[in-house]
1. Does the stretch A:146-191 hold any residues that are touching a Pro at 6+ places or on another chain (Cβ under 6 Å) and within 14 Å of another protein chain (Cβ to nearest Cβ), and which are they?
2. Could you please give the count of residues in the stretch A:230-271 that are of a type in the set (S, T, N, Q) and closer than 20 Å to A:ARG308 by Cβ?
3. For the stretch B:266-286, which residues satisfy the criterion of being more than 8 Å from chain A (Cβ to nearest Cβ) and not hydrophobic (A, V, I, L, M, F, W, C)?
4. Give B:ALA263, B:ALA258, B:ALA253 a once-over and let me know the one that is without any contact (Cβ under 8 Å) to a residue 12 or more places away in the chain, away from chain A (no Cβ under 12 Å) and either among the small types (Gly, Ala, Ser) or in contact with a strand residue (DSSP E or B) (Cβ under 8 Å, 6 or more places away or on another chain) (or both).
5. Residue check, B:LEU89 against (1) touching a residue at least 24 places away in the same chain (Cβ under 8 Å); (2) more than 12 Å from chain A (Cβ to nearest Cβ); (3) within 30 Å of A:ARG326 (Cβ to Cβ), all met but one. Which one?
6. Quick one: would you say A:ALA59 is of a type in the set (Gly, Ala, Ser) and farther than 24 Å from A:VAL12 by Cα?
7. Would you pick out the residues in the stretch A:313-347 that are farther than 18 Å from B:GLY83 by Cβ and part of a strand (DSSP E or B)?
8. What's the number of the only condition in (1) touching a residue at least 60 places away in the same chain (Cβ under 8 Å); (2) within 14 Å of another protein chain (Cβ to nearest Cβ); (3) within 21 Å of the chain's Cα centre (by Cα) that B:GLN289 fails to meet?
Protein chains: 2
Amino acid sequence: MKLEALPTPCAVVDRARLEKNCARMQAIAARHGVRLRPHLKTSKSIDVANLAMGAERCATVSTLEEAAYFAERGILDLTYAVGITEDKLERVLEIERASGARIGVLTDDAATARAIARSGDVRAKRAIGGRASPAREARIWIEIDSGQHRGGVGAESDALLEIARALEPIGVAGVLTHAGHSYAARGAGEIARIAEEERSAAVRAAERIRAAGIACPEVSVGSTPTALHAKSLEGVTELRPGVYVFGDLFQAAIGACANDDIAFSVVASVIGAREDCAWIDAGALALTQDRSMDGLGGAYGEVTALDRSSLRGAPRVDRLNQVHGRVVATSQERLELAVGTKVRVTPNHACLTAAMFDRYYVEEDGEIVAEWPRLRG
Amino acid sequence: MKLEALPTPCAVVDRARLEKNCARMQAIAARHGVRLRPHLKTSKSIDVANLAMGAERCATVSTLEEAAYFAERGILDLTYAVGITEDKLERVLEIERASGARIGVLTDDAATARAIARSGDVRAKRAIGGRASPAREARIWIEIDSGQHRGGVGAESDALLEIARALEPIGVAGVLTHAGHSYAARGAGEIARIAEEERSAAVRAAERIRAAGIACPEVSVGSTPTALHAKSLEGVTELRPGVYVFGDLFQAAIGACANDDIAFSVVASVIGAREDCAWIDAGALALTQDRSMDGLGGAYGEVTALDRSSLRGAPRVDRLNQVHGRVVATSQERLELAVGTKVRVTPNHACLTAAMFDRYYVEEDGEIVAEWPRLRG
């Protein structure tokens, strides 16, 4: 099938670019001698996951629906990298029992750590038929704040050791951090500086736990920008980047991919042609209202021809209703977009935009060669 | 099941409020003597649709997936109220053939109108076994711009009559407009003024078509604010409001519902407690980054206890990552939100937020009494 024949709006993945992005990150992990545990929240697709993972089939997820989806499809070493609550542990256990997967969970909260330690005993007992074996069940990670100030305890905090001690009876899998503040960086130099903050915070936290006599085997870091630009990963054991598989306008703007690396886009139809703008059938429910490009001279997405050639007026999407997107020129030229024309929209943020669709159409040299289903939840 | 036991994040609908909102709009349509053709893009749920529609089972949809979903479930009189493109007509036909539904489509483009007139013949022939009966197939609406400047031709434009003449061989179902600019209005008086603009533009367009000797039986208008505040619907035959079934913070802010009318909310868990904020498990993929409250002193949603009582600090959601939402106090009080606490988030824009979920949990007096599936596409 040609791209022109796709039902619109739909999500398209360029296979050659995707494979190149996956190979690049695998090479980076190999060069640093660390495990690659790609974050699958970007694609929520087993087909993309199979390209992203290396020989070691392990991955990171952002919801328990993702955990169940990937576990059922044979990815048995998963980390659910969003702070756990006690009542979600039962669902984690269910997924593990149904699939045989091992799902790491994380906490930055002492009260929750104590609750996990209690239920961790339960998990161990269930797993091995009633005999607890806490040391072999260490799958609880401690989340470290390396500067993003979202989740995590500070590497120098008292809370770090309080949590480690609470978990000691069932073991600490390791420490984990995400330098999400790398998204505010601009250019390789600044990103490299944040990568070093990320690495040193995580390594320092692990060292403090070990100095307290508690085992802390793993040190997990990762965001796409920091994974690409880190100079050293000394002391780190694994990397968890996510959006690199697809790339997007935002990653290109901060220097974390080239425009030609962007493997994900949306195909839309022009449904309205007015004097000063056009309207497409990709609105907020296709593109999302991600505003990451606000400070970077962008809007909601860039519009090109299906073959990626430029269109007159260098159009972009500047306004979104539920199912309508407004396209305006960014140059002095007039738009030439007739009703029925199919266009390609490159979005700001691939993770969010991809999540609006239930499948990817896989593109190779302008032909659609496969359809890959994806999870919505 | 109690609300406390819901998996988070999830979407909750208050049945009593929903029923009240539906009854109110049915009464408004009855008072004006017009057909109610509710827009189902808000709920994408047959259960909500069945409450929203009156005895006349007709509705409006925003995607062809919605058209197929509702047609399969017995709503056989539908309007697909987004500008059609020629290549989508085949899918419209497929849905009609599979379900027996009749799907109105709309255009504001003369070239597309000519294409529709050609394929309209095809539709008529297929529908009645090879003999064309164009006059009985009039299901093509002309979209009128009543001030939103998104889709539609002006009521006084030459294009209006050009399109009407192009469609004449297969008949014009009517004219249709949506005063989306009512969303920029503040208060009942201003909304009433826009409602009159909406009405008069649509009626005037119909009169011009009729004066040209072309039948134009229907005049369709509607948005939630204008439907609620219109003083007269003289000359109008149907109303197409949508979001009134649920209501949201934005509709309350502009005076199109009361806070106590809001029937839709999201239940989330607190997953992180920091000095100056808390984090919940409802991020951009649960709440959406709708910014309609930007100019109205809002953020991404208001946070209350599950029973809707106020929480210390009058918290709201002010930042969203993919699966994390940040909650901050809006008063001088400190937040008291421990990890694991369940909260209720009232969102800015119910249509977009509801679209992030695959089901509604239906609430009655704090108990979950039903689960209603919903369409994602």
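The values are calculated or read from the model by the stated rules, or taken from the named source; none is laboratory data. Quick caveat, the model's predicted, so the values are computed rather than measured. For neighbour counting, all protein chains shown are included, and Cβ atoms are generated from backbone atoms with ideal geometry for every residue, glycine included.
1. Once the filter is applied, which keeps residues that are touching a Pro at 6+ places or on another chain (Cβ under 6 Å) and within 14 Å of another protein chain (Cβ to nearest Cβ), the stretch A:146-191 yields only A:SER182.
2. 4
3. B:GLU275, B:ASP276, B:GLY283
4. Working: B:ALA263 fails: without any contact (Cβ under 8 Å) to a residue 12 or more places away in the chain; B:ALA253 fails: without any contact (Cβ under 8 Å) to a residue 12 or more places away in the chain.
Within the list B:ALA263, B:ALA258, B:ALA253, the selection yields B:ALA258.
5. Of everything listed in (1) touching a residue at least 24 places away in the same chain (Cβ under 8 Å); (2) more than 12 Å from chain A (Cβ to nearest Cβ); (3) within 30 Å of A:ARG326 (Cβ to Cβ), B:LEU89 misses just condition (2).
6. It is false that A:ALA59 is of a type in the set (Gly, Ala, Ser) and farther than 24 Å from A:VAL12 by Cα.
7. Listed by number, the residues that qualify are A:ARG316, A:ASP318, A:ARG344, A:THR346, A:PRO347.
8. Tallying (1) touching a residue at least 60 places away in the same chain (Cβ under 8 Å); (2) within 14 Å of another protein chain (Cβ to nearest Cβ); (3) within 21 Å of the chain's Cα centre (by Cα), B:GLN289 fails exactly one: (1).
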